[in-house]
Amino acid sequence: MANPTLLILAGDGIGPEVMDQVVRIIDWYGEKRSLAFDVEHDLVGGAAYDKHGTPLHDDTMAKALAADAVLLGAVGGPKYDALDFSVKPERGLLRLRKEMDLFSNLRPAQCFDALADFSSLKKDIVAGLDIMIVRELTSGVYFGEPRGIFEEGNERVGINTQRYTESEIDRVARSAFELARRRNNKVCSMEKANVMESGILWREVVQKVHDEDYPDVELTHMYADNGAMQLVRAPKQFDVIVTDNLFGDILSDCAAMLTGSLGMLPSASLGAPNADGRPKALYEPVHGSAPDIAGQGKANPIACILSFAMALRYSFDQGEEAARLEQAVEQVLADGARTADLMGPEDGTPISTTEMGDAILAALDASL
Ligand code: NAD
């Protein structure tokens with residue numbers, strides 16, 4: 001059987017540095033676990049603009065659509081800040097999300113015990129935390145029409161429209177229920193059905209999908225403002241949270257900070273399943289290109305590495321191998337390995353990006 005295909009778009013700033021460590025881990029799986037991938041590399045963001053005058057070349061877009069999964073590093077940087085909006089590095093990422101129709105954004109918030117002191121919350125509230133926020137990514141108020149700034153009488157009015165169709169809610173709800181079945185079988189749906197009609201429809205459709213096809217999953221509904229409070233009060237009550245684009249944007253950032261550092265946070269964006277049952281999929285760390293530390297070997301590669309673990313689980317059905325990688329990360333953190341972002345000023349000398357990769361590879365070897 002042909003190897004599964006991966007398109008790697010390392011991008012800008014620390015993107016290539018952290019992705020180098022992922023490539024070492026991909027090679028490890030080929031050598032040590034007979035799990036080989038056909039890997040192709042291409043450009044995105046500023047790097048693509050420098051070569052092609054566009055942040056995502058059409059050929060790269062075609063490769064992304066054909067690949068079994070795309071791994072992305074990060075895009076952007078001060079060098080590109082003055083570019084026209086239409087060719088800014090971020091447009092490359094937006095084009096990928098749009099043309100791959102990646103409607104379901106998975107943001108885990110997992111607190112490794114060794115880092116519990118790093119959270120802004122008390123240790124006992126976050127230690128062992130493992131929740132997943134599923135954010136609808138391609139509709140809602142960021143896309144709804146009408147939108148714009150209009151003249152109204154003698155002043156201007158800014159308008160955005162929250163708009164969701166039943167089918168858009170249906171498909172993201174399904175993706176949350178499917179995920180819950182692989183985890184602790186609980187979904188909490190968040191909206192503002194008390195003040196928004198789109199929230200009433202959201203709640204109705206999520207409940208209908210549940211009753212018809214996922215009655216085995218425990219479903220609760222919560223107003224999103226209460227959800228924000230509960231996330232910082234008692235986050236461990238949740239398993240999977242499903243919510244719209246706007247609330248998901250805010251709630252997932254809030255949940256992310258429960259776990260400490262940006263350098264630890266992976267994400268997946270999934271679309272509809274292909275004929276082979278695999279969803280279209282893009283995996284990327286939550287962090288950006290970190291121009292302040294780029295090229296210095298200081299970046300933490302764990303967010304990018306854990307994004308590859310998500311690819312193993314959600315694109316390649318290799319849950320056990322994903323867990324092996326996550327446990328290797330947990331082990332090196334428990335052993336005290338720390339890049340600079342995971343340390344206070346008086347905590348000693350940090351290790352480099354490559355040394356963190358070395359440590360994780362050694363822990364993978366030890367797992368055999
Ligand atoms: P950022 O995430 O790049 O950096 C924020 C802070 O966190 C910086 O101090 C950085 O050094 C630190 N940091 C981030 N990732 C780290 C890692 N892996 N290890 C150690 N420290 C890490 O956000 P920013 O500074 O607001 O944006 C910088 C550039 O990245 C901008 O051009 C922005 O548009 C772009 N950006 C891209 C993405 C993406 O590619 N998905 C996301 C956010 C921002």
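The values are calculated or read from the model by the stated rules, or taken from the named source; none is laboratory data. Since we're looking at a predicted model, the values are computed, not measured. Heads up, the Cβs are rebuilt from the backbone with ideal geometry, glycines too, and the neighbour counts pull from every protein chain shown. Please note that ligands, DNA and RNA were not included when accessible areas were found on the heavy atoms of the full protein model with its side chains. Shrake-Rupley method; radii C 1.70, N 1.55, O 1.52, S 1.80 Å.
Which one is nearest to the chain's Cα centre (by Cα) among residues in region 82-94 that are closer than 25 Å to Leu306 by Cβ and open to solvent by 60 Å² or more (accessible area, probe 1.4 Å)? Please lay out each step first, then the result.
Initially, region 82-94 is screened for residues closer than 25 Å to Leu306 by Cβ, giving 89-90, 92-94.
Those still in the list that are open to solvent by 60 Å² or more (accessible area, probe 1.4 Å) too: 90, 94.
Working: Glu90: 15, Leu94: 14 Å.
The extreme case among them is Leu94.
Under 6 Å between Cβ atoms, which residue pairs at least 6 apart in sequence (or on different chains) link something in region 99-125 that is touching a residue at least 40 places away in the same chain (Cβ under 8 Å) with a partner that is of a type in the set (Gly, Ala, Ser) and in a helix (DSSP H, G or I)?
The qualifying pairs are Ser104/Ser175; Arg107/Ser252; Ala109/Ala255; Ala109/Ala256; Ala114/Ala334.
Can you name the number of the only condition in (1) within 12 Å of the ligand (Cβ to nearest atom); (2) touching a strand residue (DSSP E or B) at 6+ places or on another chain (Cβ under 9 Å) that Thr339 fails?
The one condition Thr339 does not meet is (2).
Results for (1) touching a Ser or Thr at 6+ places or on another chain (Cβ under 9 Å); (2) closer than 28 Å to Ala328 by Cβ; (3) acidic (Asp, Glu), shown as yes or no for each residue.
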site	(1), (2), (3)
Ser104	yes, yes, no
Arg107	yes, yes, no
Leu115	yes, yes, no
Leu121	no, yes, no
Ile125	yes, yes, no
Leu129	yes, yes, no
Met132	no, yes, no
Leu137	yes, no, no
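Within region 250-266, which residues are more than 7 Å from the ligand (Cβ to nearest atom), of a type in the set (A, V, I, L, M) and not in a loop (DSSP other than H, G, I, E, B)?
Result: Ile250, Leu251, Ala255, Ala256, Met257, Met264.
Just need a number here: residues in region 163-209 that are over 24 Å from Gln230 (Cα atoms) and in a loop (DSSP other than H, G, I, E, B). If you could, list the steps in order and put the result at the bottom.
At the first step, the residues of region 163-209 found to be over 24 Å from Gln230 (Cα atoms) are 163-168, 170-171, 208-209.
Keeping just the survivors that are in a loop (DSSP other than H, G, I, E, B) gives 163-165.
Result for region 163-209: 3.
Filter region 225-266 for residues that are farther than 19 Å from Glu136 by Cβ, small (Gly, Ala, Ser) and at pLDDT 90 or above and give the result.
Ala234, Gly263
Taking the stated definitions as given, is Pro235 of a type outside the set (Gly, Ala, Ser) and either within 16 Å of the ligand (Cβ to nearest atom) or buried (at least 23 other Cβ atoms within 10 Å of the Cβ) (or both)?
no
Between a residue in region 331-346 that is open to solvent by 30 Å² or more (accessible area, probe 1.4 Å) and any residue that is at pLDDT 90 or above and within 15 Å of the ligand (Cβ to nearest atom), which pairs come within a Cβ distance under 7 Å, given they are 6 or more apart or on different chains?
Between residues of region 331-346 that are open to solvent by 30 Å² or more (accessible area, probe 1.4 Å) and residues that are at pLDDT 90 or above and within 15 Å of the ligand (Cβ to nearest atom), the close pairs are Arg338/Pro350; Arg338/Ile351; Ala340/Lys298; Ala340/Pro350; Asp341/Gly263; Asp341/Asn300; Met343/Pro350.
Can you run down the residue pairs with Cβ atoms below 7 Å, 6 or more apart or on separate chains, where the first is in region 5-23 and at negative phi and among the charged types (D, E, K, R) and the partner is assigned to a helix (DSSP H, G or I) and within 10 Å of the ligand (Cβ to nearest atom)?
So the pair list comes out as Asp12/Gly46; Asp12/Pro89; Glu17/Thr353.
Only residues that are more than 15 Å from Cys111 (Cβ to Cβ), open to solvent by 40 Å² or more (accessible area, probe 1.4 Å), within 15 Å of the chain's Cα centre (by Cα) and hydrophobic (A, V, I, L, M, F, W, C): list them for region 238-259, please.
The answer is Ile250, and nothing else.
Can you pull out every residue in region 267-292 that is on the phi > 0 side of the Ramachandran plot and within 16 Å of the ligand (Cβ to nearest atom)?
Once the filter is applied, which keeps residues that are on the phi > 0 side of the Ramachandran plot and within 16 Å of the ligand (Cβ to nearest atom), region 267-292 yields only Ala290.
Could you say which residue among Val141, Val75 is hydrophobic (A, V, I, L, M, F, W, C) and either over 22 Å from Cys254 (Cα atoms) or in the same structural domain as Ala311 (by TED's automatic domain parsing) (or both)?
Working: Val141 fails: either over 22 Å from Cys254 (Cα atoms) or in the same structural domain as Ala311 (by TED's automatic domain parsing) (or both).
Step by step, each of Val141, Val75 is checked, and only Val75 is hydrophobic (A, V, I, L, M, F, W, C) and either over 22 Å from Cys254 (Cα atoms) or in the same structural domain as Ala311 (by TED's automatic domain parsing) (or both).
Checking Ala299 against (1) surrounded by fewer than 22 Cβ atoms within 10 Å (Cβ to Cβ); (2) over 14 Å from the mean Cα position of the chain (by Cα), which test does it fail?
Here Ala299 meets the rest and fails (1).
Filter region 1-23 down to the residues that are closer than 15 Å to Leu312 by Cα and surrounded by fewer than 16 Cβ atoms within 10 Å (Cβ to Cβ) and list them by number.
Restricting attention to region 1-23, the residues satisfying the condition of being closer than 15 Å to Leu312 by Cα are 3-8, 22-23.
Asn3, Thr5, listed by residue number.
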